1. In whole angstrom, note down how far apart the Cα centers of region 319-335 and region 28-64 are.
2. Between residue 532 and residue 308, what FRET efficiency follows from the Cβ-Cβ distance if R0 is 56 Å, with the result rounded to 0.05?
3. Which residues' amide hydrogens lie under 5 Å from the amide hydrogen of residue 179, considering only partners 5 or more residues apart or on another chain, with H built in the peptide plane?
4. Once both labels are modelled 7 Å past Cα along the beta-carbon direction, what's the residue 23-residue 245 spacing in nm?
5. Under 5 Å between amide hydrogens, which residues at least 5 positions from residue 512 or on another chain qualify, with H placed 1.01 Å from N in the peptide plane?
6. Label-point separation (nm) for residue 69 and residue 373, each offset 7 Å from Cα along Cα-to-Cβ?
7. Note the full-extension length gain between residue 33 and residue 77 as 0.36 nm times their separation in residues minus their Cα-Cα distance, in nm to one decimal.
8. For a footprinting-style exposure proxy, rank 243, 15 by other Cβ within 10 Å, fewest first.
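Quick note: the coordinates plus some simple rules give every number you see, no bench work behind them. Since the model is a prediction, treat every value here as computed from it, not as a measurement. Cβ placement follows ideal geometry from the backbone for every residue including glycine, while neighbour counts extend to all protein chains displayed.
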Amino acid sequence: MIAVAAAAAFLATFDETFLNVALTPIMGTFRVDVASVQWLTTGYLLVAAVFVPVAGVLYHRIPTRPLFVAVVALMVAGSVVGALAPTFTVLLLGRLLQAVGTGLLTPIGMNITLAVAPREKLGLAMGIMAAMTTLGPSMAIVVSGALLSVAPWTTLMWVFGGLALAVLLAGALLLRTVAELGRPVLDVPSFVLVAVGLVGLLYGISTAFSGSGLVPALSALAGVLALAGFVLRQRRAAHSLLDLRPFRSAPFVLGVCMTMLGLLFVFAMNVVIPLFLQSAKGQTPMGASLTLVPGILLTVVLGPIAGRLFERHGGRVMIPAGFTIMAVFTLVVGVAAGNESVLLLGALYIPAVLATSLVIGPSQTFGLSHLGREESPHGATIVSTSFQIAGCLGTSLGVGVYGAVTALGLESGAEQDAAATSGFLSDGDVMRYLAAEHPSSTNIWSFATGESEDLDEALRDLVSLPVMRLAAREVVTVDADASIAEAVALLSDQHLKKVPVVAGEDGRMVEIVNRSAITRLALSRHLEARAELVDA
């Protein structure tokens, strides 16, 4: 049964990120802009968070096996709806169905683990769950990138639907009822308050770096106020939605906080490193994601081992050691970012992410082991909610801080190390892309009138792409000290129209030389020489 719970944890976290790399082709399919397509991510996150607290009521009201099957069936249905969606609205509906399943499945899987794992084996069980929680979102990016390189984005929906169906069948065959069933009632006012609170807080966090400080701040404030109202409601309601007694346990609160810090680190690193490798090192999305794979796979192996070590020795040494290693190697990764070697960066990422195995699983075990049997399901729901908050905060901080640092470097005139060698984008690259992806947009009539729908769609697609999608990655350059003869030979041998001129040890681009400029120079020199001969 723990294997089914672990598969559920992997499925839920895999679902969170597997569609993210397909946003650009989805924009092209449905002709929607970036603001609209982002709701496939933002809307999913908000709905999943809202339904986490509801899982506690359903877990104690419906037998475990049919509840598990029904929840995973929602995810299968959402995948089918999304794959067959004729419009963007229908696709969003399918994605939100998946989100409901994720919000319910995460705490249900954790409750199953707490119910069947012996207390003396709880560390191992939680280590396995933590490993699957870390593996899911990381592998989703790699798998999605690989599929998108050979198939349309709808394939992602079908593949995830098949994966969810396999987990559904495993649950139907292997699960039994492990919860103490009763007739708990869903307190609607509490649900409304927690929904408004989590949506407001998470939306505020996710848009904190959007450039408009007022809306995120007001959203987060409204969320905090609604959550405060939710807490007051739980103290007075006859049927509370969530038992808050676990918060009376200081070890539980500490365990939740440490778990959130570990997850925040994982989500932030898994965003920042691929972003850096693509924007500064010229890696493809697939190549950047593959850099993370060795560390991720080793984390899966170390997770259960860390759980066993926690059972034997506790977390007094292990958890602080994990945080220390995370901090040290994060600094080392930052220093090594200026190095040209992508392999070095990937190698240094491994101990940084491995250290999270010493933190996330043991911290969960530490916190939940201090709760009684009646409080454990509510503690699991609280931990699952913290997953959503940590994921949102880690992703937003990673993207926001990376963007802010990059912008600061540009404003201060700082030179980016690989700016001249990561790639080179020319008008020819743009035209080749348009001709290949949107051939009907490149006819003379489209450019002459500027009113072609095909051209509009092509340009919407074009502006949403990362620059390295179009740029030439193997950049041919000529040194600023080279002679005109060397530049001409390079243009001729490589069959190029233009070439970047670089200077200095860092290869900073200072100019572009093209065939037209050389031709003009040669003709002007020739005419000047003839004029001198005539005058003589």
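1. Distance between centres, Cα-based: 33 Å.
2. Efficiency for this residue pair is about 0.05.
3. Here 64 satisfy the definition.
4. Result for the modelled spin labels: 4.3 nm.
5. Result for residue 512 returns 501.
6. With each label point 7 Å from Cα toward Cβ, the separation is 2.8 nm.
7. In short, 13.2 nm is gained.
8. Starting with the residue having the fewest Cβ neighbours, the order is 243, 15.
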